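For reference, the structure discussed in these notes is given below.
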Amino acid sequence: ACGGSGDATGNGDNKGPFTIGVSNGFVGSEWRTQMIQDLQSANAEYMKQGLTKDLVIQSADTDVPGQIQQIRNLINKGVDAIIVDPNSVSGLDGVFKEAKNAGITVISVDQAVTSPDVTNVVIDQTEWARMSAKWLAEQLKGKGNIVVVNGIKGHPANEARYNGVKEVLAQYPGIKVVNEINADWDQAKGQQKMSDVLASQPNIDAVWSQDGMALGVLQALEAANLSKLPIVVGEARAGYMQLWQQVKSKHSDFLSYGVVNPPGAAVSGLRVALQLLQGKHFKADALQGTPKNTLFVPIPGKVDPESFESEFAKVKDKPASYCLDGYISDDEAKSYFS
Amino acid sequence: MRRIHISSALSALLLAVVLFVLGGILHPGFANYGLVINILRLAAFLGIVAIGQTLVIISGGEGIDLSVGAVVTLGAIIIYRFTNGHNELFLPALLLALGVGALIGLINGIGVTALRIPPLVMTLGMTGVVQGLILAVTQGQMIGDAPPFITDLVSGSLILGIPGVLPLWIIIGLGTWLLLERTRYGKHLFAIGVNRATALLSGVRVSLVVVLTYTLSGLLAALGGVILLGYTHRVFLNLGEQYTLPSVAAVVVGGTLLAGGVGGYGGTMAGALVLTVLTSLLTTVQLPEALRMIVYGVVLLLLLAVYGRQRRLRA
Amino acid sequence: MGLIVVCMDVVRLVYYSMGKLSLSAQGLVKRYGGVTALANGSLTVRSGEVLALMGANGSGKSTLSKIITGAVAPDKGQLVLNGQAVRFTSPLAARRHGIVEVFQELSLIPDMTVAENIWLAHEPLLALSMIRRREVQSRTRDLLNLFAGTVSDLLQPETLVAALSSDERQIVEILKALSHQPELLILDEATASLDKRQVERLFELIGQWKAQGMALIFVSHRMQEIFRVCERATVLRNGLTVDSRELATTSESELVSLMVEQGAVERYTKQTQETLSSGVRVEVQDLRTKVLRGVSLQVHEGEIVGLGGLRGQGQSDVLQALFGAIPKTGTITLEGKPVRFTHPSQAMRAGLAYVPGDRGQEGLLPVRSILENLQLPSWAHYGLPLNMRGASQEASEITQRLGIVMASLQDPVRSLSGGNAQKVVLGKWLLREPRILLLDDPTKGVDVKAKSEIYQLLAELRAQGASIVIYSSEDEELLGLSDRVFVLHDGLIRAELSGETLTRTELVAASLGSAGKDSRV
Amino acid sequence: MKTLTRERAPQWRRVITRQSFALALLLLVIAVLINYFLQPRFFRPVTLNNNLGTYLPLMILAAGQALVIIAGGIDLSLGTIVSLTNVVLIRLLGNNPSAAQVALAIMASMGTGLLAGLLNGFCVAYLRFQPIITTFATSFIFTGLALTVLPTPGGSVPGGLLDFYSSPALGIPLALWVVALTLALWLLLRSTRYGRYLYAVGGVATSAYLSGVPVSAMRLSTYALAGLIAACAALALTLSTGTGDAHIGDPLTLSSIVAVVIGGTRLRGGQGGIAGPMIGAVILYLILSIIAFANVPTWWQTLVNGLIIIVALIGPGLVSLVRRRMV
Ligand SMILES: Nc1ncnc2c1ncn2[C@@H]1O[C@H](COP(=O)(O)OP(=O)(O)OP(=O)(O)O)[C@@H](O)[C@H]1O
Ligand SMILES: [Mg+2]
Ligand SMILES: [Mg+2]
């Protein structure tokens, strides 16, 4: 009962062109808009090849029932596959089953879901967080006070990431989390709350943060006129790296780190969806998780002090909200299939 | 009535001070100069965004402006794009931002008066329209830069580490007080908030005042966005959203009645301060987030118990 | 014939317990902040009598009544009901003892129907607290029948109260109180909004209730009413009960001197004929609104024109149409120039002023200060920023002139007594020194002293050349003040009275319409 | 032109005033027709059944919100009560619950909703706080509690319950049964003294008090009822999504208020009903579908959504121009 193995559409000679639907339940972030743009440009290629038709995109701020409605609309529009960035881990299971019963391939990107009727094509969020936490612990040599700036409390991605961090920190008893705050992935809130924390906790050795709010955190740190800046785990985004560059010119010893969280994961999802639509089957060990429905695509990279200059060159002229990106190629996608 | 509303503004202010002191006791360093300045600065954003909200709520007729958040974002984006970091372009960009904000408010006002759309839905629909326009025009790509003038005003120090935005807030606050208490418009605004029939029969141009009020609200929200840009230096799609409901809360905590016709901006300023101090205080206290939220809610209720109570039914 | 039916209804509807009720209030005190609303209020009332509660505006009549009905909590003093001390913690508690009030500022809910309002909180019920709709309807109809013939037939159980005129609301409020079958009924200025015939009907009913053993407290500023229905009068002055008198042995002027310190109460001042030859200021031709069916009239400079007739025959429409507050057709010329006001502000700029007949709905901003209420139409004259000192000064002059009892100009109008609030409604337009003053029952609920002050003010305005158009529900007032009276009936002018014909008999005759064939009369 | 007409409402106008849902119904018909032309598949029984199941939580919640608003209040915490009762339900269901456990979990979550509503009601009715700020404050308390009960989203609902929720009963979608039941209860309630009190308190509270209506008790009861109704909405939401999430209901607050307004109930209170708000909730979701099927380009969808909401309300607005007597 391996999800999304394409058995519903099952006829291997199906060559398209396929109609791909996209359901996005949140529009208030640049990460999501970049994701949609990535999808559109990747799809343009496929359209040229005659493999797909125009994307059918449903993108609006909505709640879980609203997203259920979005997906149901896509089903009724008769798409062949749906790429969904879900608002809920298991709340969409019912409508996913409806999709599957209608013979539609569903791919979840950005956030893994529990439904066996869906294939998750995501980066491993926990691993993503582990990477940066490990780097941080090593820089601190296992000792010091850190502040953690998290996203929305209770949001699955936030919890997955913070679990990764906690896992790593458990191995370093010398590192003390002196404050954990939630800035809801909002740059301005990150900035506000970081400055509050700074005023009351002068002895901070490092800050672990992520996403758009990392930029706010760094801004607050810079504005505080500290003699020595704490080490910051931030984000591989143009805006953050531009500020990083600026800060470095004042504080040569400033250390930071960012892991790429690619909006292009959706493109990876699209590539996998097309393989499935063409009747391919996953290799036995390609999928992980319980249920076995998750394809972890590689994390495209990281920015650390060593690689900063070369990575920065890539984003120097990008808008601040641009995220370092990456997705699997068609060949890589094929490699997951037998 | 005046006595009552000044006293609620005053008690809100006192509460803010009490919270400061409490913070200082809980956390040596909380009440330090830098943080006080920072909190005042944060309160200034909320306070400026809440000016228009104050006017709209006073205007009554179920008046509320839920589009302020979107207009804040739009105001910031306009400056960001059109100045692209150049001070010379700030003034024209500012005029453009304020003009666009006013235009949005004007449309809200017309919708509410001429087309009789309930303000809540009109302004919420407008939020969608503004957000939608931002998305349609930018496609989520925020290109540009903040002009140094505005970042200096907000993040820099005028004297003694006080950023220019604080005196600016006080000046705008005084201006708003003057507008409400010492102009004909202000007097008419309160009148329509209490009873539109009475106002009409006393020669008040009710629709005009309402339209003007929503227009002002749009303009001031755009101004709030401009100033907020000076703080964040960058714009993003959700920049202003976090100010929509708190702007309503600041107004109501400040003693303005949601039913309209009673209130003032002094109360809103104090309300903005109370909400900001409370958030900051809770941020610095090391508590699990869930507990922070519970404490925030409980403290807010306690604050209301101190002064935010309505009249008795039995005299 | 109709009357017999009505009487039977009354008998069927109103059963009184045969036990005698006697209630006395002793030493009641009520303070609001620094203001003493009632310093020492006392009265005694028994079954089968009508007690007049008298006093100038703000003397504490309403406060005393509300304490008796549990709507206001006294600071001191006690109520003794049938020899036992009682405390009413809510209007509901007082009602359980058969004590009910017709509130001066009414207690109706505009978005509910007449029937729903009347039976609110004591609806006849089925099981599960389901309302007996039929019974509510029919009993409401019975109650409305008590005033049949004096109100338009659009006043039905299903009509929304929001759609009623102020006299109809007053009647609904009276019927609402009556529906509780009270043993003690307090009527707080229940006649102020009613016209002559409605008052007559109420008095007939009061006579019947009294005969059946109801006790009544009757509050009014109209002397002739007091002398007609009451046996005794308790007089309040500055919150103190100063005396209680048998009316049979008391004269009107004695009562007045009890109420106000100096009993100098002058009546109306009439103009001599000469002004009529002066220029025409307002000329109205074929004015039509939803109620008016073609009204033409002229108003001269320095003239007071009265609009007579029963309530609701279109008098208010004439005033509102002149003021640009309602849609209309026809031509209005102002000093020779045709004008088309579509908004009151235009009328205001042309020198018109309009005192609406319904202060609660159209005249006041209850939560705003007295100052702001008085100056609402006038702020344009105080510059930018507003000269608040000037505004306060002028406002306080007019409050002194009108004798408005208040603690400070900054107090909300809500804290004023009914009569004082009415003076605010009038005062805000007197401040504008209008050239054309439109008055809709301007002295409603105003005490004798203040009334004479208002008459004098009107006379001064007229002397300065102002034109005044006034509707009054009090015939004496209308006849006493006006140079000419146009009597309206069913949206048309039926008579113009002036000089010789300006008499009560003519007025009454014309009020009833030409032939009395109209069912709406 | 502003008018101060004194004339009485004719019958048809009275009908529109009292039957406040009439215009929402019209909007609904239009939205349904547009949907029908754009996507006939929408009306296949299975799809219809599933869709109604999805709409039901907001419909129920809008009814609760309407109750509070009619009585002159407003509840900004309803969405968070949905979240809170959702996580309580999920936590107590656990894995493979017995029938008794299911009953217990449902009762406990209803009890939680009731308690939450009582807290709101107590603050508004007896402590006399302004409703909007009170419920703004308590919404933080409820979210905090929800996060404590269930820190990470998850949990599951027994398949039997999910099937029960998604299968039609006697050939009619379950949601329709619930709606019918709700409306029947409402009609019943409205013909009781309680119903009268509701409108009286929302109309003019002081007049209601002078008339002998127990105003404070009424206020308390509306918030408590709304809390209970929010728990019912949470039950529907839990059964339609099968998940627990401490934030799942949060966005529903604003939608419920919008649904009430679209449904023709004014925010000032004292007027309206719950049929309109329930219709309003459906309209909100139908707008999403219309946008989907009108092939609105991606970047314009949010814009069009906002415009539709505004435009949809211009019609009723114009009619209310006739309806309102003043300004
Ligand atoms: N809620 C209140 N707050 C403050 N002052 C009040 C309040 N209610 C009444 N007063 C004051 O108490 C005094 C007595 O008022 P009350 O209404 O009893 O007078 P009244 O005799 O009924 O006058 P009227 O003839 O004008 O109706 C007035 O001076 C009034 O201003
Ligand atoms: Mg009185
Ligand atoms: Mg209905």
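Values for this structure:
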quantity	calculated
Any hit, region C:149-161, residues being away from chain D (no Cβ under 13 Å) and of a type in the set (A, V, I, L, M, F, W, C)	no
Selection within region B:259-269 - among the aliphatic types (A, V, I, L, M) and at pLDDT 90 or above	B:VAL262, B:MET269
Residue check, B:ALA250 in a helix (DSSP H, G or I), in contact with a Pro (Cβ under 9 Å, 6 or more places away or on another chain) and closer than 29 Å to D:LEU84 by Cα	no
Candidate set: region C:203-224, residues that are more than 18 Å from C:GLU101 (Cα to Cα) and in contact with a Leu (Cβ under 9 Å, 6 or more places away or on another chain); chosen: the one farthest from ligand 1 (Cβ to nearest atom)	C:GLU204
From the options A:LYS318, A:LYS292, residue that is part of a loop (DSSP other than H, G, I, E, B) and under 19 Å from A:ALA236 (Cα atoms)	A:LYS318
Unique residue being at pLDDT below 90 and closer than 28 Å to D:VAL204 by Cα when the list is D:ALA24, D:ALA62, D:ALA71	D:ALA24
Yes/no for A:VAL149 being more than 11 Å from chain B (Cβ to nearest Cβ) and buried (at least 23 other Cβ atoms within 10 Å of the Cβ)	no
Selected residue (only one of C:LEU240, C:LEU216 is modelled with pLDDT of 95 or more and among the hydrophobic types (A, V, I, L, M, F, W, C))	C:LEU216
Residue list for region C:120-132, restricted to those being farther than 16 Å from D:GLY212 by Cβ and within 7 Å of another protein chain (Cβ to nearest Cβ)	C:LEU128, C:MET130
Selected residue (criterion: nearest to B:GLY230 (Cα to Cα)) from residues of region A:180-233 that are among the β-branched types (Val, Ile, Thr) and more than 7 Å from chain B (Cβ to nearest Cβ)	A:VAL217
Single unsatisfied condition, C:ASN117 versus (1) facing another protein chain (nearest Cβ under 9 Å); (2) under 30 Å from C:VAL50 (Cβ atoms); (3) in a loop (DSSP other than H, G, I, E, B)	(3)
Residue in region D:257-272 that is within 30 Å of A:PHE96 (Cα to Cα) and more than 15 Å from ligand 3 (Cβ to nearest atom) present	yes
Filtered residue count, region D:256-312, keeping only those that are more than 9 Å from chain B (Cβ to nearest Cβ) and not in a helix (DSSP H, G or I)	12
Every residue from region C:113-135 that is under 24 Å from C:ILE186 (Cα atoms) and not polar (S, T, N, Q)	C:VAL114, C:ALA115, C:GLU116, C:ILE118, C:TRP119, C:LEU120, C:ALA121, C:HIS122, C:GLU123, C:PRO124
Those residues of region A:126-137 which are in contact (Cβ under 8 Å) with a residue 40 or more places away in the chain and surrounded by fewer than 24 Cβ atoms within 10 Å (Cβ to Cβ), in sequence order	A:THR126, A:GLU127, A:TRP128, A:MET131, A:TRP135
Region A:28-69, residues that are in contact with a helix residue (DSSP H, G or I) (Cβ under 8 Å, 6 or more places away or on another chain) and closer than 25 Å to A:MET213 by Cα	A:GLY28, A:THR33, A:MET35, A:ILE36, A:ASP38, A:LEU39, A:SER59, A:ALA60, A:ASP61, A:THR62, A:ASP63, A:VAL64
Tally of residues being modelled with pLDDT under 90 and among the basic types (Lys, Arg) across region A:1-42	1
Check on D:ALA108, more than 14 Å from chain B (Cβ to nearest Cβ) and not in a loop (DSSP other than H, G, I, E, B)	yes
The one condition in (1) crowded, with 24+ Cβ neighbours inside 10 Å; (2) assigned to a helix (DSSP H, G or I) that A:VAL247 fails to fulfil	(1)
Output for region C:52-81, where each listed residue is touching a Ser or Thr at 6+ places or on another chain (Cβ under 6 Å), more than 14 Å from ligand 1 (Cβ to nearest atom) and away from chain D (no Cβ under 14 Å)	C:VAL80
Answer residue from region C:420-477, given it is within 16 Å of ligand 1 (Cβ to nearest atom) and touching a Pro at 6+ places or on another chain (Cβ under 8 Å) and is nearest to the other protein chains (Cβ to nearest Cβ) among those	C:VAL425
Selection within region C:53-99 - in contact with a helix residue (DSSP H, G or I) (Cβ under 8 Å, 6 or more places away or on another chain), small (Gly, Ala, Ser) and within 16 Å of C:LEU416 (Cβ to Cβ)	C:GLY55, C:ALA56, C:GLY58, C:SER59, C:SER62
In region A:306-325, the residues that are without any contact (Cβ under 8 Å) to a residue 12 or more places away in the chain and away from chain B (no Cβ under 13 Å)	A:GLU306, A:SER307, A:GLU309, A:SER310, A:ALA313, A:LYS314
Condition check for C:LEU322: surrounded by fewer than 21 Cβ atoms within 10 Å (Cβ to Cβ) and in contact (Cβ under 8 Å) with a residue 60 or more places away in the chain	no
Single residue of region D:239-252 satisfying the filter (buried (at least 24 other Cβ atoms within 10 Å of the Cβ) and within 13 Å of the chain's Cα centre (by Cα)) that is farthest from ligand 2 (Cβ to nearest atom)	D:GLY249
B:VAL121 vs. criteria in contact with a helix residue (DSSP H, G or I) (Cβ under 7 Å, 6 or more places away or on another chain) and more than 20 Å from B:LEU223 (Cβ to Cβ)	yes
Test: B:ILE58 is in contact (Cβ under 8 Å) with a residue 60 or more places away in the chain and within 13 Å of another protein chain (Cβ to nearest Cβ)	yes
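For (1) at pLDDT below 90; (2) closer than 16 Å to C:GLN315 by Cβ; (3) more than 19 Å from the chain's Cα centre (by Cα), each residue gets a yes or a no:
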site: C:VAL424; (1), (2), (3): no, no, no
site: C:LYS428; (1), (2), (3): no, no, no
site: C:SER482; (1), (2), (3): no, yes, yes
site: C:SER498; (1), (2), (3): yes, no, yes
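Residues checked against (1) more than 30 Å from A:TYR322 (Cα to Cα); (2) buried (at least 20 other Cβ atoms within 10 Å of the Cβ); (3) under 19 Å from the mean Cα position of the chain (by Cα); (4) of a type in the set (Val, Ile, Thr):
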position	(1), (2), (3), (4)
B:ILE104	no, yes, yes, yes
B:VAL112	yes, yes, no, yes
B:PRO119	yes, yes, yes, no
B:LEU124	no, yes, yes, no
B:LEU135	no, yes, no, no
B:GLN139	no, no, no, no
B:PHE190	yes, yes, yes, no
B:ARG205	yes, no, no, no
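The values are calculated or read from the model by the stated rules, or taken from the named source; none is laboratory data. These numbers come from a predicted model, not from an experiment. No Cβ is skipped: glycine too gets one built from the backbone with ideal geometry, and neighbour counts run over all protein chains shown.
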